[in-house]
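Read the structure below first, then the notes.
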Amino acid sequence: MDYRIAACDDRKEDRDMIQELTLQWARNRGFDVEVRQFPSGDAFLFQYAEDKTWDILLLDVEMPGCNGVELAKRVRQENKLTQIVFVTGYSDYIAEGYDVSALHYLLKPVSDEKLFSVLNRAVEKLKRDGQSLLLELPEELVRVPLFEVEYLEVRQNYVTVHTVSNSYTVKKTLTAMEQELDDRFFRVGRSYIVNLSKVQKASKREAVLLSGATIPLPRGGYETLNQAIIQKL
């Protein structure tokens, strides 16, 4: 099984349409997928309490009981990897979609072309976000997803990997760590590597990350960092 996908909508005809299009997309891509229908947010959460292995959620917004936004917030409290796509006839909840890191917001009626495009993006993001660093600490091994890493810094023979909530220090060179990262990361001078997607703003002297952490920039560092960010847009 490649992907498990949930279609949650209180209208059966809409669930049937989403399921049919999703299965068609899977056949076109050669994926083995499971698509399950849920008539309400409450029905999905009842199942989710026992089974959290869902890859993509296709959610209506306005449903009786727990609506799509509330459902997404519940999932996001403990799951950052599942891709969430709102499929709805209402455009009033787009801001809430950003709050739960929704991948996209599709308005009904949904064309197969638009849904296929979003599903393609979802599987690419699943693959990308599934990448991680395996860090060998003195008393344990820790797997840190790359999308959670804000920046890395080196001091003498030790590299510290910083996320929003934790920091992990390992005995390794920054150059060796750099080989384990992907193209979302950028080397800033001799001492830092930064996740470009976490940069909020940059000045001549420092880069400010979304968490509020700051990274000093060497002479000429602003121009190269700025160019790297532009290329990633």
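Derivation of every value follows stated rules applied to the coordinates shown; laboratory data play no part. Treat the numbers as computed from the prediction; the structure is a model and nothing was measured. A quick note on method: Cβ atoms are made from the backbone with ideal geometry, for glycine too, and the neighbour counts reach across all protein chains shown.
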Which pairs break 20 Å Cα to Cα here: LYS172/LYS232; LYS80/LYS125; LYS172/LYS204; LYS125/LYS198; LYS171/LYS204? LYS172/LYS232; LYS172/LYS204; LYS171/LYS204
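Can you give the FRET efficiency to the nearest 0.05 for VAL164 and LYS204, using r as the Cβ-Cβ distance and R₀ = 35 Å? Can you show the working numbers first?
Working: r = 26 Å, r/R0 = 0.73.
My answer for the efficiency is 0.85.
Given the DSSP H assignment, sum -39500 (n - 2.57) over each helix run of at least 4 residues in the chain and divide by its residue total; what's the result at 222 nm in deg cm²/dmol, nearest 500? Show your work: numbers first, answer last.
On the way: 7 runs with 76 residues, N = 233.
That comes out to -10000 deg cm²/dmol.
Suppose the chain between ASN79 and ASP2 were pulled fully straight at 0.36 nm per residue; how much longer would it get relative to their current alpha carbon spacing?
On the way: separation 77, 0.36 × 77 = 27.72 nm, distance 1.85 nm.
Roughly 25.9 nm would be gained on extension.
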Computed magnitude of the charge dipole of the chain (debye, nearest 20; Cβ of K, R +1, Cβ of D, E -1): 1180 debye
With each pseudo-label sitting 7 Å past Cα toward Cβ, what's the VAL142-SER101 distance in nm, one decimal? 1.8 nm
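When DSSP beta bridges are limited to those with both residues in the chain, what percentage is antiparallel, rounded to the nearest 5? Walk me through the numbers on the way to the answer.
Values: 29 of 47 bridges.
If we restrict to bridges inside the chain, about 60 percent are antiparallel.
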Would you mind getting me the FRET efficiency between ASP182 and ASP16? Use the beta-carbon distance for r and R0 = 41 Å, nearest 0.05. 0.60
